[in-house]
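I have placed the structure first, in the form of structure tokens, so that the comments after it can refer back to it.
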Amino acid sequence: MKLLRVLVLIALPLYCLAGSGCPFLEEVVNKTISPEVSVSEYQNFLQDFAQTTDKKEALADVKQCFLNQSNETLHNYAQMMQIMYSSTWCALS
């Protein structure tokens, strides 16, 4: 399951050509850190990427992990993602 998480985190930026030039990646990140999005909503949103029970459980675990965080932690994570999007490694050439 940990391998699946790593692969998803690697595959999404590659799928979107990295950076904030990918609205889908930004939407996934926003839904992941949003406390208003439930586990089932999150799983439904990413159902094309998780079609087996193990993958659905992995998505539920990821979302639950973020639901367990404080608002301050979620805010800091969102800021970190923005810093990553605008970094020289992710900036569009």
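The values are calculated or read from the model by the stated rules, or taken from the named source; none is laboratory data. If you're wondering where the values come from, they're calculated on a predicted model, not measured in any experiment. Methodologically, a virtual Cβ is constructed for each residue, glycine included, from the backbone with ideal geometry; neighbour enumeration extends over all protein chains shown. For the accessible areas, the whole protein counts, side chains as well, though only heavy atoms, and no ligand, DNA or RNA atoms are used. Shrake-Rupley method; radii C 1.70, N 1.55, O 1.52, S 1.80 Å.
Key figures
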item: Whole-Hz couplings from phi, Karplus 6.51/-1.76/1.60, listed for the stretch 33-48; x for Gly and Pro; result: 8, 6, x, 7, 8, 7, 4, 5, 4, 4, 5, 5, 4, 9, 4, 5
item: Residues whose placed amide H lies under 5 Å from that of residue 69, excluding near-sequence neighbours; result: none
item: Accessible carbon and sulfur surface of the stretch 28-90 relative to its total accessible area, %, 1.4 Å; result: 52 percent
item: Loop-resident sites, the stretch 32-72, for GluC sites (Glu not before Pro), counting at most 11 other Cβ within 10 Å (DSSP); result: 36
